Amino acid sequence: MNEKDLFPDYELKTTPDTIYDYLRKPDSFIFKILEEIGQPSLKNLKLILEYFNKYKVVAEINPGRYRNGNLVLGADPHQYYPSEEEILVSELGKMITEIISSNSKKEINTFKTKEGIPSLKVVFTEIFFRHIDVMGSGRFFYAEKKSEIEIRL
């Protein structure tokens, strides 16, 4: 007997694990903000920075927590559960990183001057997501903290 006989409806996940997999609340304010921003681009950098600065303060007041994880369902022994604000700050930080890496220094400086954005340091802790398939129980998503990222803008 092979695995397909034991679990005939099992489908391998072939896409990267994202916030959309992890957060199960479709009405989360995070999705509303990300939808408002759209794809990361230089033209919406100012809006991204506004949200980043606002929610960075809130995330520091409302941090996530480590809790005992359910090892049987693929969690770590001390599993991290980030606050929604931390998740949003991480997603916005990743957008800023993408914008910086996909535009020249000259384009960024021209945009900053035009929009009145001062030179600044963007610091955030990246949250990434992973999944575990537990045969007979389902697919479970977990968040993990990466190291702190610092970007000069």
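The values are calculated or read from the model by the stated rules, or taken from the named source; none is laboratory data. These numbers were taken from a predicted model, which means no experiment stands behind them. Neighbour counts are summed over all protein chains in view; Cβ atoms, including those assigned to glycine, are modelled from backbone coordinates with ideal geometry. To get the accessible areas, we keep the full protein, side chains included, count just its heavy atoms, and leave off ligands, DNA and RNA. Shrake-Rupley method; radii C 1.70, N 1.55, O 1.52, S 1.80 Å.
Quick notes on this structure:
Here is a yes/no grid of residues against (1) under 13 Å from residue 153 (Cα atoms); (2) β-branched (Val, Ile, Thr); (3) touching a Ser or Thr at 6+ places or on another chain (Cβ under 9 Å); (4) open to solvent by less than 100 Å² (accessible area, probe 1.4 Å):
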position	(1), (2), (3), (4)
8	no, no, no, yes
19	no, yes, yes, yes
33	no, yes, no, yes
50	no, no, no, no
72	no, yes, yes, no
94	no, no, no, yes
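- Single unsatisfied condition, residue 85 versus (1) open to solvent by 50 Å² or more (accessible area, probe 1.4 Å); (2) touching a helix residue (DSSP H, G or I) at 6+ places or on another chain (Cβ under 9 Å); (3) of a type outside the set (A, V, I, L, M): (1)
- For residue 76, the conditions (1) charged (D, E, K, R); (2) under 17 Å from residue 151 (Cα atoms); (3) open to solvent by 40 Å² or more (accessible area, probe 1.4 Å); (4) at pLDDT below 95 all hold with the exception of (2).
- Residues that are surrounded by 15 or more Cβ atoms within 10 Å (Cβ to Cβ) and touching a helix residue (DSSP H, G or I) at 6+ places or on another chain (Cβ under 9 Å) were ranked within the stretch 21-31; the one that is nearest to residue 141 (Cα to Cα) is 22.
- Residues of the stretch 62-81 that are free of Cβ contacts under 8 Å to residues at least 24 places away in the same chain and in a helix (DSSP H, G or I): 71 alone.
- Among the residues listed as 124, 129, 111, the single one being over 14 Å from residue 22 (Cβ atoms), among the aromatic types (Phe, Trp, Tyr) and under 13 Å from the mean Cα position of the chain (by Cα): 124
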